[in-house]
Structures are given as C-alpha cells and as structure tokens.
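**Student:** My questions will all concern the structure given below.
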Amino acid sequence: MKIVIQRVKNAQVEVEGNVVGKIEQGFLVLLGVNHTDTRKEADYLVKKLCKLRVFTDENDKMNLGLKDIGGELLIVSQFTLYADCSQGNRPSFIKAAKPEQANELYEYFCSECEKNDIKVEKGIFGADMKISLLNDGPVTIIIEK
C-alpha cells in the first residue's frame, strides 16, 4: 500500500461536475493498493498518516500534526500509483489490486482514519475524478508499506 500525502490549504474532488469531497487545511491523500495488501498495511499507514507532523509551529518548525491544527483529510483512491514503467512506454498495472480488494481496503482505510477523530472526505472509487488543490509549501510525502 502506498500513500502520497500533500499538505494543502484546501482541496476538493469533483465527479461529473459535482463536488463530492472538499476540505480546508489538511492533507490530500492519494491511496494506491497493491495486490498483496491487507488490513495490516492499512493499519500501519493510518497510524503514520494521522500522527504525521508536518505543519509548522510558532517557531516555523514542522512539528504539528492534523489534530493539533484541526486539519482534515481528503482521501482519493488511485491505482496508478502502482504503475510499472520499467519496460516500454505503456505502464503495466499488474501490481495494483483488483477493484473489489482495492475498494474494500480503501473504505477500511478511510473509516480507520475517521476513528482518529479527524474529518474525512472522499472521492468516489473508480470514478473519473477532477482534483483541485492549493498545495501548502509545497509539502509532498510518500509512505509505502
């Protein structure tokens, strides 16, 4: 499982012209599920994400987490994080989980984040989504388990 975390001032996701998820300050999280992933990997990444301290404190140091600033999460499933471009010019997605497994782990990941008393907004699994964000920093972090 892989997450790409972008610290944002705000972000939103639209499907067919309708806003389906919107946050103010927090993290836009792109979540990729590998075909070998289980809830164990999701639990590890939820813990890392919810405790990640990359918001600046009064001394301008990255020392604060989501809960410290009242931050929010916008979590979007993205199978293309497991694109393999090592051969040729057309990516292979053989390592990405099948939709049923990926959606189950995506929903589980989101619900576990909510259990940390953090507001969670989501995209729509499998939909053609348009994402808008104001990256803060920019700060972009990739964590994989």
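The values are calculated or read from the model by the stated rules, or taken from the named source; none is laboratory data. Here the structure is a predicted model, which means the values were calculated and not measured. Every residue, glycine among them, receives a Cβ derived from its backbone with ideal geometry; neighbour counts consider all protein chains shown. Note: accessible area is taken over every heavy atom of the protein model, side chains too, but ligands, DNA and RNA are not part of it. Shrake-Rupley method; radii C 1.70, N 1.55, O 1.52, S 1.80 Å.
**Student:** Could you tell me whether residue 80 is over 25 Å from residue 14 (Cα atoms), hydroxyl-bearing (Ser, Thr, Tyr) and at pLDDT 95 or above?
**Tutor:** no
**Student:** Okay, moving on. Among (1) closer than 17 Å to residue 26 by Cα; (2) in a loop (DSSP other than H, G, I, E, B); (3) open to solvent by 60 Å² or more (accessible area, probe 1.4 Å), there is one condition residue 131 misses while meeting the rest; what is its number?
**Tutor:** Every condition holds for residue 131 apart from (2).
**Student:** Something else now. In region 112-128, how many are over 21 Å from residue 24 (Cβ atoms) and in contact with a strand residue (DSSP E or B) (Cβ under 8 Å, 6 or more places away or on another chain)?
**Tutor:** Qualifying residue count, region 112-128: 4.
**Student:** On to the next question. Can you name every residue in region 13-55 that is touching a Leu at 6+ places or on another chain (Cβ under 7 Å) and part of a strand (DSSP E or B)?
**Tutor:** Correct list: 13, 21, 23, 26, 27, 28, 29, 30, 32, 55.
**Student:** Checking the structure you have, find out if any residue of region 117-124 is small (Gly, Ala, Ser) and over 15 Å from residue 72 (Cβ atoms).
**Tutor:** Scanning region 117-124, I find no residue that is small (Gly, Ala, Ser) and over 15 Å from residue 72 (Cβ atoms), so the answer is no.
**Student:** Given the condition open to solvent by less than 90 Å² (accessible area, probe 1.4 Å) and assigned to a loop (DSSP other than H, G, I, E, B), answer yes or no: does some residue in region 94-108 qualify? Can you show your working first?
**Tutor:** Quick first cut of region 94-108, residues open to solvent by less than 90 Å² (accessible area, probe 1.4 Å) only: 96-97, 99, 101-108.
Of the ones still in play, those that are also assigned to a loop (DSSP other than H, G, I, E, B) are 97.
Checking region 94-108: at least one residue is open to solvent by less than 90 Å² (accessible area, probe 1.4 Å) and assigned to a loop (DSSP other than H, G, I, E, B).
**Student:** Next question, about the same structure. Cβ contacts < 8 Å: first residue farther than 22 Å from residue 103 by Cα, restricted to region 122-145; second residue not in a strand (DSSP E or B), any location; separation 6+ or different chain. Result?
**Tutor:** So the pair list comes out as 136/25; 139/54; 141/52; 141/54.
**Student:** Do you know which residues across region 41-61 are without any contact (Cβ under 8 Å) to a residue 40 or more places away in the chain and either closer than 12 Å to residue 8 by Cβ or open to solvent by 90 Å² or more (accessible area, probe 1.4 Å) (or both)?
**Tutor:** Restricting attention to region 41-61, the residues satisfying the condition of being without any contact (Cβ under 8 Å) to a residue 40 or more places away in the chain are 47, 51, 53, 56-61.
Scanning region 41-61 gives 47, 51, 53, 58, 59, 60, 61.
**Student:** Now for a separate question. Name the pairs whose Cβ atoms lie under 8 Å apart, with the first residue in region 62-84 and free of Cβ contacts under 8 Å to residues at least 40 places away in the same chain and within 15 Å of residue 46 (Cβ to Cβ), the second open to solvent by less than 30 Å² (accessible area, probe 1.4 Å) and in a strand (DSSP E or B), and 6 or more positions between them or separate chains?
**Tutor:** Going by the 8 Å Cβ cut-off, the qualifying pairs are 65/55.
**Student:** Could you say whether any residue in region 81-88 is buried (at least 18 other Cβ atoms within 10 Å of the Cβ), in contact with a helix residue (DSSP H, G or I) (Cβ under 7 Å, 6 or more places away or on another chain) and not polar (S, T, N, Q)?
**Tutor:** No, there is no match, as no residue in region 81-88 is buried (at least 18 other Cβ atoms within 10 Å of the Cβ), in contact with a helix residue (DSSP H, G or I) (Cβ under 7 Å, 6 or more places away or on another chain) and not polar (S, T, N, Q).
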